[in-house]
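The values are calculated or read from the model by the stated rules, or taken from the named source; none is laboratory data. Here the structure is a predicted model, which is why all the values come from computation and not from measurement. Note that each Cβ is placed from the backbone with ideal geometry, even for glycine, and that neighbours are counted across all protein chains shown. The area values use the complete protein model at the heavy-atom level, side chains included, leaving out ligands, DNA and RNA. Shrake-Rupley method; radii C 1.70, N 1.55, O 1.52, S 1.80 Å.
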Amino acid sequence: MNIEKAYDQWSSQYDTNKNKTRDLDKLVTVKCLEKLKFDSVLELGCGTGKNTGWLQTKASNILAVDFSEEMLSIAKKKVLHENVNFQKADITKKWDWTSEKFDLVTCNLILEHIEDLQFVYDQAFSKLKHGGHFFISELHPFKQYLGTKARFESDAGKIELRTFTHHVSEFTETGKKAGFQLTELREYFDEDQNKPPRILSLLFKKP
Ligand SMILES: C[S@@+](CC[C@H](N)C(=O)[O-])C[C@H]1O[C@@H](n2cnc3c(N)ncnc32)[C@H](O)[C@@H]1O
């Protein structure tokens, strides 16, 4: 099953399934971004709008994109604020769906589905104002090495989505190549800090 169709199918359970990565990402996002000032945001892979609702309290203009019609449809019902626009788009294709420049481009739990990170970083760079930030919060590759990946239960059994592993050095080096400065890299754990971290977050700045 392709990734888009899998998320269409996952959408009705996405907000309610047990999902430690989803829940931790929400906390990480607030922790990393509450100290920043931003007025316009491009959110990549917004899903059911888990982070969109919080982002709209900080910014006056949000463009939230996703390629799953069903994930978007839930987000649209949940996040009704007029400063948020939702758009169906595939971020692996040229980002010609907006000509705007943003203060913040954010992506949460989406890059594990993207093979070519450089393309996404380059497009994000081109859509940011100077001084703007690119925020990434992803399943930590250490978790991927141990076999953790996006999956859900369906009537037909367990569905595992197609994923790509990006090493920490790839996340940072790709940023450098795109022209970004890395301003923060953090790792977030479940309760037991002796186990591998669950989330990797990076904050880049466009000089
Ligand atoms: C794990 S969900 C994360 C949703 C949300 N960001 C969150 O943190 O809850 C991944 C989302 O990325 C979207 N996605 C995956 N690949 C995509 C692509 N190439 N273009 C647009 N959206 C994509 C999926 O449809 C899904 O909604």
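Can you tell me which residue among Val65, Val105, Val84 is more than 15 Å from Tyr14 (Cβ to Cβ) and in contact (Cβ under 8 Å) with a residue 40 or more places away in the chain?
Residue meeting the stated conditions: Val105.
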Which number in (1) within 16 Å of the chain's Cα centre (by Cα); (2) touching a residue at least 40 places away in the same chain (Cβ under 8 Å) marks the one condition that Asp116 misses?
(2)
Can we say His140 is surrounded by 12 or more Cβ atoms within 10 Å (Cβ to Cβ) and free of Cβ contacts under 8 Å to residues at least 40 places away in the same chain?
no
Kindly indicate which of Lys94, Lys31 is within 20 Å of Lys205 (Cβ to Cβ) and of a type in the set (D, E, K, R).
Lys31
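Which count do you get for residues in segment 65-86 that are farther than 13 Å from Ile3 by Cα, within 10 Å of the ligand (Cβ to nearest atom) and open to solvent by 40 Å² or more (accessible area, probe 1.4 Å)? Talk me through it step by step, then tell me what you get.
The initial filter retains those residues of segment 65-86 that are farther than 13 Å from Ile3 by Cα, namely 65, 72-86.
From the residues that got through so far, the ones that are within 10 Å of the ligand (Cβ to nearest atom) too are 65, 72, 74-75.
Then drop every residue that is not open to solvent by 40 Å² or more (accessible area, probe 1.4 Å), which leaves 74.
Number satisfying all stated conditions: 1.
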If we only count helices (runs of 4 or more DSSP H) wholly inside segment 43-159, which ones have 2 or more residues that are within 18 Å of Asp25 (Cα to Cα)?
52-58, 69-78, 141-145
So which residues in segment 1-42 are basic (Lys, Arg) and assigned to a loop (DSSP other than H, G, I, E, B)?
Lys18, Lys35, Lys37
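Looking at segment 31-47, can you tell me whether even one residue there is surrounded by fewer than 17 Cβ atoms within 10 Å (Cβ to Cβ), at negative phi, within 13 Å of the ligand (Cβ to nearest atom) and not charged (D, E, K, R)? Even if it seems obvious, please write down each step before you answer.
The initial filter retains those residues of segment 31-47 that are surrounded by fewer than 17 Cβ atoms within 10 Å (Cβ to Cβ), namely 31, 34-37, 39.
Within this subset, residues satisfying the condition of being at negative phi are 31, 34-37, 39.
Those left that are additionally within 13 Å of the ligand (Cβ to nearest atom): none.
Within segment 31-47 (the criterion being surrounded by fewer than 17 Cβ atoms within 10 Å (Cβ to Cβ), at negative phi, within 13 Å of the ligand (Cβ to nearest atom) and not charged (D, E, K, R)), the answer is no, since none of the residues qualifies.
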Which one is modelled with the lowest pLDDT among residues in segment 1-12 that are over 21 Å from Glu138 (Cβ atoms) and in contact with a strand residue (DSSP E or B) (Cβ under 9 Å, 6 or more places away or on another chain)?
Met1
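Hey, any hits in segment 134-151 for a residue that's closer than 21 Å to Leu55 by Cβ and among the charged types (D, E, K, R)? Please lay out each step first, then the result.
Start the filter on segment 134-151 by keeping residues that are closer than 21 Å to Leu55 by Cβ, which leaves 134-139.
With the extra rule that they be among the charged types (D, E, K, R), the set shrinks to 138.
Yes.
Say we look at segment 148-189 and pick out the residues that are within 19 Å of Asp23 (Cβ to Cβ) and modelled with pLDDT under 95; which of these is surrounded by the fewest Cβ atoms within 10 Å (Cβ to Cβ)? Walk me through how you get there before you give the answer.
Filtering segment 148-189 for residues within 19 Å of Asp23 (Cβ to Cβ) gives 148-153, 161, 186-189.
Narrowing the set further to residues that are modelled with pLDDT under 95 leaves 148-153, 161.
Numbers: Thr148: 18, Lys149: 14, Ala150: 21, Arg151: 13, Phe152: 17, Glu153: 11, Leu161: 16.
The selected residue is Glu153.
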Kindly check whether there is at least one residue in segment 11-21 that is within 8 Å of the ligand (Cβ to nearest atom) and in contact with an Asp or Glu (Cβ under 6 Å, 6 or more places away or on another chain).
yes
